[in-house]
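Below is one structure; the comments refer to it alone.
The values are calculated or read from the model by the stated rules, or taken from the named source; none is laboratory data. Worth saying up front: this structure is predicted, and the values here are computed from it rather than measured. Don't worry about glycine lacking a Cβ; one is built from the backbone with ideal geometry, like all the others, and counts go over all protein chains shown.
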Amino acid sequence: MSSALPIAAPSQAVAAYDDRPYFARALDHGLKNGIIDSEKLDAMRADGAKGVVQIADFFGTAHLRTDLDEAVKRMVTLASLYLEHKSDGNLNRAARSLQENSFLSHSRGGSQMLKALFAMPTDTTIPDPLDVEDVKEFLRDRSLEDPWTVAEYRARLAERRACQDEIDAALWFADLMLIPREALINESSESVLHACLLTRIAGRMEGSLLSADELKDFLKTFRKSKKKVEISPILLDDAPASLRPLIERHLAVMADKDLPRIRDAKIPFNDLVREYHDRFHPLSMSIEISDFDALVTDEWRKVTQGMTDSDSMNTIFLCLAAGKPPKPAITAAEAKTAVIAIREKGADQKSVQEFILGSAPHQMIDGLISLWEDEFLPEMIEVIILENQDDAPEIVVRILSEHCHIRAVAEKKSPSKTAATKKPPAKKVTPQTAATKKSPSKRAQRKT
């Protein structure tokens, strides 16, 4: 295709776009008032020809007439956005800018404005790195299909800048606490800020967040303290001036809501520990048992007696479902009593779920609910105990002994056709096994 086409296109565009885009109004104002001279107008035409080809190549191809026509419109849109924003709607100032700077610089200025805006977050979640193709699609929309006015651009800029400030404050604090940046992706900046502020309130200024046992110790000590709650004036002395007002607002929220809540004796301490773990510790908690054992409730220790393999948990489930005191190991007589109770009254599923949600270590909850809802409840209780009621309780107990810790079970094999296939040795229920897949419907039921 001849090079004459792209040279002619911007010349026609400059003449055609009279008072519609801001660029055309500024150009017309400058020519009429002697601000823009003819030499500059010729330079703008040549500049426009180069810019049109570059824009057409970026969004499509410079060899198609439609792409070139669209490129003219995109260039004028971008230049208009930049001119009106920088001149604040003052036509004299805009015309002088056209006289003193190249047409391409105004178009590029509009493009840079949109790219910078796109790079800013739309909420306070710490984002993944930008995808180049996403930036291109954003520019495609905003330069032609759905352009923003300057007022719309400024409104979105203000919204995103506020989100960016929140994230910048969270990243500044996270760096002080030596939290790896990759660990912050998709985390709430508010959660990061509050975790860091709580750590400082507890006395540690930098280096790391509170560990699990340190968190529990702080909550216990703070709750017992009779002193008036006072925030140290040096707590934010090292905060950057640009971020300090924002961080002070978050600190005020914690002083008004979190600290009185920690002191409130009406809130069970175990509930408090679990709440603050859920809010503040996804960044620092290890998946090792030793790290989250400090957050285990007294009831959990008392019931499990340190036995957390799957057979022990199944035994506890059996007891709870039968309305009996939970134990990790039972006798055959106790198991028989549990079977009879479930057949007479049905399984108390609510007690099992309440025990898991209210007592189990946070990282084990999903795995335990999966063990209960996906395995023990449907396979043992609903089928072996309830569906096959023709089987004597003694036979059911023998089957259950393959999945629970039941002592003194007769060695004789069960003649029942419903006998469950023997499973491998019981596995330890750990945070790793807590990642067991769950059906969305059951998760939704649990949340409601």
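Annotations for the structure displayed:
- Pairs where the first residue, in segment 118-139, is closer than 21 Å to SER107 by Cβ and not assigned by TED's automatic domain parsing to the domain that holds GLU187 and the second is modelled with pLDDT under 90 and not in a loop (DSSP other than H, G, I, E, B), C-beta under 9 Å, 6+ apart: PHE118/ASP134; PHE118/VAL135; ALA119/VAL135; LYS136/PHE58; LYS136/PHE59; LEU139/PHE58; LEU139/PHE59
- Out of LEU81, LEU64, LEU68, sole residue that is aliphatic (A, V, I, L, M) and modelled with pLDDT of 95 or more: LEU81
- Test: PHE355 is at pLDDT 95 or above, surrounded by 19 or more Cβ atoms within 10 Å (Cβ to Cβ) and in the same structural domain as THR308 (by TED's automatic domain parsing): no
- The set of residues in segment 22-39 being crowded, with 19+ Cβ neighbours inside 10 Å and assigned to a helix (DSSP H, G or I) consists of TYR22, PHE23, ALA24, ARG25, ALA26, LEU27, GLY30.
- Filter pass, ASP391 being surrounded by 14 or more Cβ atoms within 10 Å (Cβ to Cβ) and part of a loop (DSSP other than H, G, I, E, B): yes
- Any hit, segment 185-202, residues being out of contact with any strand residue (DSSP E or B) (no Cβ under 9 Å at 6 or more places or on another chain) and over 30 Å from MET120 (Cβ atoms): yes
- Qualifying helices (runs of 4 or more DSSP H) (wholly inside segment 217-322; at least 3 residues being modelled with pLDDT under 85 and touching a Ser or Thr at 6+ places or on another chain (Cβ under 8 Å)): 269-280, 289-292
- Of the residues making up segment 300-326, those that are more than 19 Å from ILE399 (Cβ to Cβ), out of contact with any Pro (no Cβ under 9 Å at 6 or more places or on another chain) and touching a residue at least 24 places away in the same chain (Cβ under 8 Å) are GLY323, PRO326.
- The one condition in (1) modelled with pLDDT under 95; (2) among the aliphatic types (A, V, I, L, M); (3) crowded, with 19+ Cβ neighbours inside 10 Å that LEU371 fails to fulfil: (1)
- In segment 51-84, of all residues being of a type in the set (D, E, K, R) and buried (at least 16 other Cβ atoms within 10 Å of the Cβ), the one that is nearest to GLU100 (Cα to Cα) corresponds to GLU84.
- Taken together, the residues in segment 394-404 that are farther than 14 Å from SER312 by Cα and either modelled with pLDDT of 95 or more or crowded, with 16+ Cβ neighbours inside 10 Å (or both) amount to 5.
- Yes/no for GLN54 being closer than 19 Å to PHE138 by Cβ and either assigned to a helix (DSSP H, G or I) or assigned by TED's automatic domain parsing to the domain that holds ASP141 (or both): yes
- Filtered residue count, segment 182-216, keeping only those that are free of Cβ contacts under 8 Å to residues at least 40 places away in the same chain and in a helix (DSSP H, G or I): 5
- Among residues of segment 330-374, those that are within 25 Å of ASN388 (Cβ to Cβ), polar (S, T, N, Q) and assigned to a helix (DSSP H, G or I), counted: 5
- Complete set of residues in segment 138-149 that are part of a helix (DSSP H, G or I) and surrounded by fewer than 18 Cβ atoms within 10 Å (Cβ to Cβ): PHE138, ARG140, ASP141, LEU144, GLU145
- ASP88 being under 21 Å from TRP148 (Cα atoms), surrounded by fewer than 16 Cβ atoms within 10 Å (Cβ to Cβ) and modelled with pLDDT under 90: no
- Answer residue from segment 123-137, given it is of a type in the set (A, V, I, L, M) and surrounded by 10 or more Cβ atoms within 10 Å (Cβ to Cβ) and is nearest to ASP168 (Cα to Cα) among those: ILE126
- Test: residue in segment 94-108 that is closer than 30 Å to GLU166 by Cα and either modelled with pLDDT of 95 or more or among the basic types (Lys, Arg) (or both): yes
- Residue within segment 103-126 that is more than 16 Å from the chain's Cα centre (by Cα), more than 30 Å from ASP57 (Cα to Cα) and not in a helix (DSSP H, G or I) present: no
- Pair list, Cβ < 6 Å and 6+ apart or interchain, from segment 222-241 residues that are under 20 Å from ALA174 (Cβ atoms) to residues that are surrounded by 11 or more Cβ atoms within 10 Å (Cβ to Cβ) and hydrophobic (A, V, I, L, M, F, W, C): LEU236/ILE247; ALA239/ILE247
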